[in-house]
Amino acid sequence: MKLYHKFLIAMLLISIIPLVLYSLALLKTTGTKLKKVIDENNANIAASAAMEVNKFFVEIEKKLDIARRIERSGRMSNSEKSILLLDGLSSNKLLLAIALLDGSGKTLNAFSARDVALDYDGALLDKTRSANQVQVGSIGYTKGDNRPYVDVIYPIAASRGEFLYLRVGINYVLHRVQLHVDAGEGRKLMRIILADAYGSAVSTPDYAIKNFSPELLAAYRAFKPGQTVIQDGRINIVSGSDGPGWLVILQEPVHEAYAAITSLKIMALALICLTLIFSVAGATLLARNLSKPISVLISGIEKVAVGNLDSQLPMLTNDELSRLVMVFNSMTVKLKKLQEDMKRSERLSTIGQMAGILGHEVRNPLAAITNACYLIKMEALKNPEANQKTLRRIEIIEMEIKSTTKIINDMLDYSRSRPPVLSKQDINEVVHKIADDIKFPDNVKLEYSLAGVPKVDVDVEEMKQVIRNLINNAVDAMSANGGTLTLKTVRKVGAKTNAPVVRLEISDTGCGIPPEILEKIFEPFFSTKSKGTGLGLAVVKRIVEERHSGAIIINSAKDTGTSFYIELPVQEGDL
């Protein structure tokens with residue numbers, strides 16, 4: 001394990017462990033107290049909702065008390081009592097419908113608020129008739145507008161067998177219950193359920209009706225009033241009411257009910273993380289004096305590993321590491337010298353190979369020259385008038401001399417060791433001068449696409465040699481069937497260097513280069529032609545990449561054409 005890591009771990013253990021233990025103890029104590037407060041608050045909400053239900057049934061009892069007083073009045077006839085009873089109750093906002101029924105259930109008189117259809121509950125009427133006392137039905141919905149209600153039947157005149165049938169809306173009490181829920185914050189998912197003795201229930205805030213199974217209803221009745229019970233990811237608090245077997249059930253998802261506890265845990269975790277950050281920062285600052293020189297040394301080694309032997313490390317310390325840096329810098333200097341010696345040896349080796357080729361390629365032209373000279377002499381002795389033949393042989397001599405000169409020039413170009421003579425040039429002008437000097441066949445069309453590009457540092461003569469060589473190759477590729485030669489320049493980011501370059505594209509529509517040959521195209525002495533040394537593209541590559549710090553890329557497809565891309569770096573001052 002590195003020294004930096006050891007020191008960092010020690011700092012973290014000293015600072016984090018006590019903080020974590022203290023935070024956990026504080027979180028446990030505070031969380032328990034906070035949970036108790038939340039449970040008490042929710043129990044109070046459930047109790048307040050139960051009080052609203054109690055008020056609801058007290059209000060119903062008041063209406064029934066009014067009905068009793070009217071019925072007991074001895075000064076009015078039965079018809080007057082019925083009229084007064086309906087008139088007195090119809091103005092109440094809780095009542096959706098009122099009806100006076102005889103013993104058989106026939107309507108004697110009725111009033112319906114807001115067109116509420118009054119469909120009588122026959123079972124509830126039979127139960128009232130049998131018990132001869134007030135009966136409350138199950139929770140239901142009105143037809144049409146789906147308002148929750150409960151039916152109440154009161155035997156108003158037992159002697160006459162008449163019953164008072166009330167349909168009481170529950171919207172008002174649900175609204176009152178929801179006000180207690182809305183009084184708090186973060187209770188979007190809390191709901192209050194009012195369940196009757198039959199298992200029918202209605203909940204806030206959507207007034208949806210649901211049915212509880214007898215087992216579930218019995219389970220809720222078994223809850224201790226005000227006690228918080230967690231089931232299925234929800235808290236449940238049950239509170240009884242003065243209604244006939246009604247329950248008030250508060251439900252809320254655990255994650256919302258105890259959101260404050262979760263926030264407390266997040267704050268504790270944030271405190272731990274913050275302390276960890278400061279601890280790491282402190283340890284990093286303390287270890288920087290040791291780690292930075294090592295990082296610089298690693299960076300230098302990585303540069304050497306990818307071939308950059310010009311890297312020299314700065315002296316950042318005055319200790320044992322400084323001696324290591326000195327040794328490293330000395331090593332890179334020696335490696336660079338060794339690399340240059342190897343390149344020189346490789347070039348000398350290549351020249352040795354050239355000598356073998358030179359012996360073969362030069363011998364034949366010289367033999368032709370010798371024979372031509374001999375024949376000239378013999379012809380001159382036999383027939384002094386033979387001037388035409390003499391001229392023909394002289395022409396042969398010139399052609400072979402040119403061939404020999406080209407071979408020698410290729411070898412000299414490849415082995416050239418003098419530094420390039422660089423000057424800032426407009427590559428577009430260089431391209432135009434070379435193209436103007438070349439005589440193109442009639443079946444080859446020349447097209448320009450030269451953009452405005454910055455000047456680049458080039459050796460003019462060497463760059464002319466590169467462009468001329470590539471143009472001549474392109475013309476040779478199209479000599480049989482003709483085609484189009486395109487010379488294009490553009491400014492862009494280099495494909496290999498990721499830096500600004502000027503790209504010169506020389507493209508033809510010739511026969512293309514087969515894939516198996518493409519990878520060998522820049523190798524010295526490789527050629528697909530019957531004549532020549534195979535040094536042309538090798539010289540091009542060396543001039544572009546070694547002598548101009550550029551890049552050359554080839555893209556070719558058989559029977560489609562070939563494109564050479566020459567990328568020359570642009571200096572910052574020329575952008």
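Every read-out reported here was derived from the displayed coordinates using simple, explicitly stated rules and does not represent laboratory data. Remember, predicted model here, so these are calculated numbers, not experimental data. Cβ atoms come from the backbone with ideal geometry, glycine included; neighbour counts cover every protein chain shown.
What the table shows:
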quantity	calculated
Proxy reagent accessibility, fewest Cβ within 10 Å first, across I434, I552, I301	I301, I434, I552
Radius 10 Å from Cβ of P454, net charge of other residues (Lys, Arg +1; Asp, Glu -1)	+1
Calculated from backbone phi, Karplus (6.51, -1.76, 1.60) coupling profile of segment 21-36 in Hz, x at Gly/Pro	4, 5, 5, 5, 5, 5, 5, 5, 5, 5, x, 5, 5, 5, 5, 4
Cα lying deepest toward the dipole's positive end in segment 462-503, options G483, G494, I471, charges on Cβ	G494
Computed over segment 196-287: relative contact order in percent, which uses C-alpha pairs under 8 Å that are six or more apart	17 percent
Efficiency of FRET from Cβ geometry, S449 and I294, R₀ 51 Å, rounded to 0.05	0.45
Extension gain from F278 to L518, taking 0.36 nm per residue of separation minus the Cα-Cα distance	80.6 nm
FRET efficiency, 1/(1 + (r/R0)^6) with R0 56 Å, evaluated for R68 and K28 via beta carbons	0.40
K433 paired with I9, simple spin-label distance in nm, labels 7 Å along Cα-to-beta-carbon	6.9 nm
Rounded to the nearest 20 debye, dipole of segment 459-520 from Cβ charges on Lys, Arg, Asp, Glu	340 debye
Packing-based exposure ordering (other Cβ within 10 Å, fewest first) of M51, M331	M331, M51
Separation in nanometres of the label points that stand 7 Å from Cα toward Cβ, at S263 and Q227	3.0 nm
Pairs beyond 25 Å (Cα-Cα), from K336/K464; K343/K541; K36/K224	K336/K464
Theoretical gain in end-to-end length, I17 to I209 [0.36 nm per residue, Cα-Cα removed]	63.8 nm
Top positive-direction residue, dipole computed over segment 98-240 with Cβ charges, set T128, A195, G140	A195
Ranked packing of 566-573, 236-243, most packed first, by mean Cβ within 10 Å	236-243, 566-573
Pairwise label distance in nanometres, K55 with S549, each label 7 Å out on the Cα-Cβ vector	8.8 nm
